[in-house]
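Enquirer: Take a look at this one; I'll ask things after.
Values in this text are rule-based calculations from the coordinates and carry no lab data. Owing to the predicted nature of the structure, the values given are computational and were not obtained by experimental measurement. We place every Cβ from the backbone using ideal geometry, glycine too, and count neighbours over all the protein chains shown.
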């Protein structure tokens, strides 16, 4: 993940007086992420999870309760889970696959505060091809040489060793395609992790459509790398999340209940 200044003016990032203020701020955005994902059609059954590292204790993370629809998640519904998969705060249950995958990612990447994974339609379709995305558009360049491929599938992830292999495939990238499974994105904050997921799902859809119509013309590697530095850095992910957040807060203020 890079943090190059964007080619456009962005607002100043939030500053917090203490860990409690940051926690509340981020939990609101985590709850909003589930509402955004629901509006995008990423909620299917009980699959999928987004985690947020606690700002005070880096060994625990906030996550959605197992079995609750994304479109109904409120801030107060979020649960706090440790790396052993035990709920330490909240009344809901935890998805075992959530803490197995995400605990391995968070352990391997201490600079990552959030990780997102769902079974979105186009992400699953693209993952079935077992390929990385190509730089076929300006938007797709955000992931140019900045996403991995977990080129294996051995069923639902229950074991720590399997999750560690996923973490290895992710490496230092901001995203990973899990073959025959779906997408995984990470960020230095929940805003960027969430936006990269939305953006990557869209990139999968665009490439599937382009390849159905013909043979896409790829952007020159040098130009693709330069474009990634402009649109694919951490600040861009954070900034692009803001209008999505503003819209869902205005339309669904009950998430703050």
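Enquirer: Rounded to the nearest 10 degrees, what's the angle between the helix 19-39 long axis and the longest principal axis of the chain, both from Cα atoms, 0 to 90?
Expert: For 19-39 against the chain, the angle is about 60 degrees.
Enquirer: Going by alpha carbons, how many degrees (0 to 90, nearest 10) lie between the helix axis of 96-108 and the longest principal axis of the chain?
Expert: 70
Enquirer: A follow-up question, please. Remind me, relative contact order of the range 114-257 in percent, using alpha carbon pairs under 8 angstrom and six or more residues apart? Don't jump to the answer; show the numbers that get you there.
Expert: Numbers: 230 pairs, mean separation 46.5, N = 144.
Here the relative contact order equals 32 percent.
Enquirer: How long, wide and thick is the chain, going by the Cα atoms along their three principal axes, in whole angstroms, largest first?
Expert: Computed over the chain, the largest-to-smallest principal extents equal 51, 45, 32 Å.
Enquirer: Using just the helices of the chain, give the 222 nm mean residue ellipticity in deg cm²/dmol: DSSP H runs with n ≥ 4 each add -39,500 (n - 2.57), and the total is spread over all residues, rounded to 500. List each step's numbers first, then the result.
Expert: Details: 7 runs with 105 residues, N = 257.
Here the helix-only value at 222 nm equals -13500 deg cm²/dmol.
Enquirer: Length gain on complete extension for the stretch residue 250 to residue 46, per 0.36 nm per residue less the alpha carbon to alpha carbon distance? Please list the in-between numbers first.
Expert: Values: separation 204, 0.36 × 204 = 73.44 nm, distance 2.61 nm.
Working it through step by step, the gained length comes to 70.8 nm.
Enquirer: Now, a different point. For the Cα atoms of the chain, what angle does the longest principal axis make with the long axis of helix 234-251, in degrees from 0 to 90, nearest 10?
Expert: Roughly 60 degrees, rounded to the nearest 10.
Enquirer: With the cut-off at 1.5 for a/c, could you classify the range 161-217 from its C-alpha gyration tensor as rounded, prolate or oblate? Present the calculation step by step, with values, prior to reporting the outcome.
Expert: On the way: a/c = 2.77, a/b = 1.56, b/c = 1.78.
Taking the square roots of the gyration eigenvalues as a ≥ b ≥ c, the range 161-217 is oblate.
Enquirer: Another question about this same structure. Please give the FRET efficiency for residue 59 paired with residue 14, using the beta carbon to beta carbon distance and R0 = 22 Å, rounded to the nearest 0.05. All intermediate terms of the calculation are to be shown ahead of the outcome.
Expert: Working: r = 24 Å, r/R0 = 1.07.
The formula returns an efficiency of 0.40 here.
Enquirer: Suppose a student asked you for the relative contact order of the chain, using Cα pairs under 8 Å spaced at least 6 residues apart; what percent would you report? Mind showing how you got there, number by number?
Expert: On the way: 502 pairs, mean separation 62.9, N = 257.
Reported relative contact order: 24 percent.
Enquirer: Here's another thing I want to ask about it. If you take the square roots of the eigenvalues of the alpha-carbon gyration tensor of the range 25-130 and sort them as a ≥ b ≥ c, do you get rounded (a/c under 1.5), prolate (a/b over b/c) or oblate? Before the final figure, lay out the partial values.
Expert: On the way: a/c = 1.69, a/b = 1.26, b/c = 1.34.
In terms of gyration-tensor shape, oblate.
Enquirer: Counting other C-beta atoms within 10 Å, which of 96, 179, 217 has the fewest, and how do the rest follow? All intermediate terms of the calculation are to be shown ahead of the outcome.
Expert: Numbers: 96 13, 179 17, 217 8.
Placing the least packed residue first, the sequence is 217, 96, 179.
Enquirer: Rounded, prolate or oblate for the range 204-257? Axes are the square roots of the Cα gyration tensor eigenvalues, ordered a ≥ b ≥ c, and the cut-off for rounded is a/c under 1.5.
Expert: Details: a/c = 5.53, a/b = 1.77, b/c = 3.12.
Here the range 204-257 falls in the oblate category.
Enquirer: Between residue 213 and residue 72, how high is the FRET efficiency from 1/(1 + (r/R0)^6) when r is the Cβ-Cβ distance and R₀ = 35 Å? Nearest 0.05. Intermediate values should be presented prior to the final figure.
Expert: Working: r = 38 Å, r/R0 = 1.08.
Once the sixth-power term is evaluated, E becomes 0.40.
Enquirer: Could you sort the peptides 231-239, 207-215, 195-203 by per-residue average Cβ neighbour count (10 Å cutoff), highest mean leading?
Expert: Working: 231-239: 22.1, 207-215: 11.9, 195-203: 25.3.
Descending packing order for the listed peptides: 195-203, 231-239, 207-215.
Enquirer: How far is it, in nm, from the label point at residue 88 to the one at residue 145 when both lie 7 Å from their Cα along the line to the Cβ?
Expert: 3.9
Enquirer: May I ask you to sort 121, 51 by Cβ crowding, counting other Cβ atoms within 10 Å and putting the fewest first? Don't skip to the answer; put the middle values down first.
Expert: Values: 121 17, 51 27.
Ordered from fewest to most neighbouring Cβ atoms within 10 Å, 121, 51 come out as 121, 51.
Enquirer: To continue, here is another question. Using a simple spin-label model with points 7 Å from Cα along the Cα→Cβ vector, what separation in nm is obtained for residue 128 and residue 96?
Expert: 2.7
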